[in-house]
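Here is the structure we will look at.
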Amino acid sequence: MPRIERSAKVVWEGNVSRGSGTISGDTGAFSELPYTLASRIGKPDGKTSPEELLAAATAGCFTTSLGSELVRDGTPAGHLEIACTIVMDEVPDEGHQIVGAQIRVHADVDGITAEGLAAAIERADQGCPFSTLLRKAGASVEVTTS
């Protein structure tokens, strides 16, 4: 697989507590998503945050990882829904840190056993670069199914 590089930028106006900014992806897939410190640590009010974008990226990564594992097993998914919640909390002597990711998997896969799906999910988690990144950073990654 070739080296992959993706870029995004933030434009911010004002001080951190009362200012606001936008987040844009260089591909144009998303642009000028609004965010503020208040919406990041409080009620989002329709604005995004780096944590929400990390949750989206983690869910996207896990989805492709699981989809690949299911194809490898000869049981491609008919429908996948992967949700991720990123948890940031106060860590003593370190401030606020990302401490966990909660990934919820709903998979409609014809011809797969519960054990086969569980094995594919485990391999997907081990092979997902975002799961690996979070664990190496000291965060927990929990995967559940529905």
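FYI, it's all coordinate maths here, none of it is from the lab. Bear in mind that the values here come from a model prediction, so they are computed numbers and not experimental data. Heads up, the Cβs are rebuilt from the backbone with ideal geometry, glycines too, and the neighbour counts pull from every protein chain shown.
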At what distance in angstrom do the alpha carbon centres of the range 18-33 and the range 49-101 lie from each other? 21
If you take every DSSP beta bridge whose two residues both sit in the range 11-146, what share of them, in percent to the nearest 5, is antiparallel? 75
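Quick one: putting +1 on the C-beta of Lys and Arg, -1 on the C-beta of Asp and Glu, what dipole do you get for the range 60-133 around its Cα centre, in Debye to the nearest 20? Intermediate values should be presented prior to the final figure.
Details: 3 positive and 12 negative charges, 56 e Å.
Here the size comes out at about 260 debye.
Only Cα pairs under 8 Å and at least 6 apart count here; give the relative contact order of the chain as a rounded whole percent. Can you show the working numbers first?
Details: 229 pairs, mean separation 25.4, N = 146.
Once normalised by length, the contact order is 17 percent.
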Within the range 46-77, backbone nitrogen closer than 19 Å to the virtual label 7 Å beyond the Cα of residue 1 toward Cβ: 54-74, 76-77
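Taking the square root of 5 times each eigenvalue of the Cα gyration tensor, what semi-axes in Å does the equivalent ellipsoid of the range 93-135 have, largest first? Can you show the working numbers first?
Working: eigenvalues 171, 23, 10 Å².
The answer is 29, 11, 7 Å, longest axis first.
Taking 0.36 nm per residue of separation and subtracting the Cα-Cα distance, what length does fully extending residue 10 through residue 29 add? Intermediate values should be presented prior to the final figure.
Numbers: separation 19, 0.36 × 19 = 6.84 nm, distance 1.47 nm.
Stretched out fully, the residue 10 to residue 29 stretch lengthens by 5.4 nm.
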Just want the answer: with Cβ charges of +1 for Lys and Arg and -1 for Asp and Glu, which residue in 68, 118, 2 is farthest toward the dipole's positive end in the chain? 2
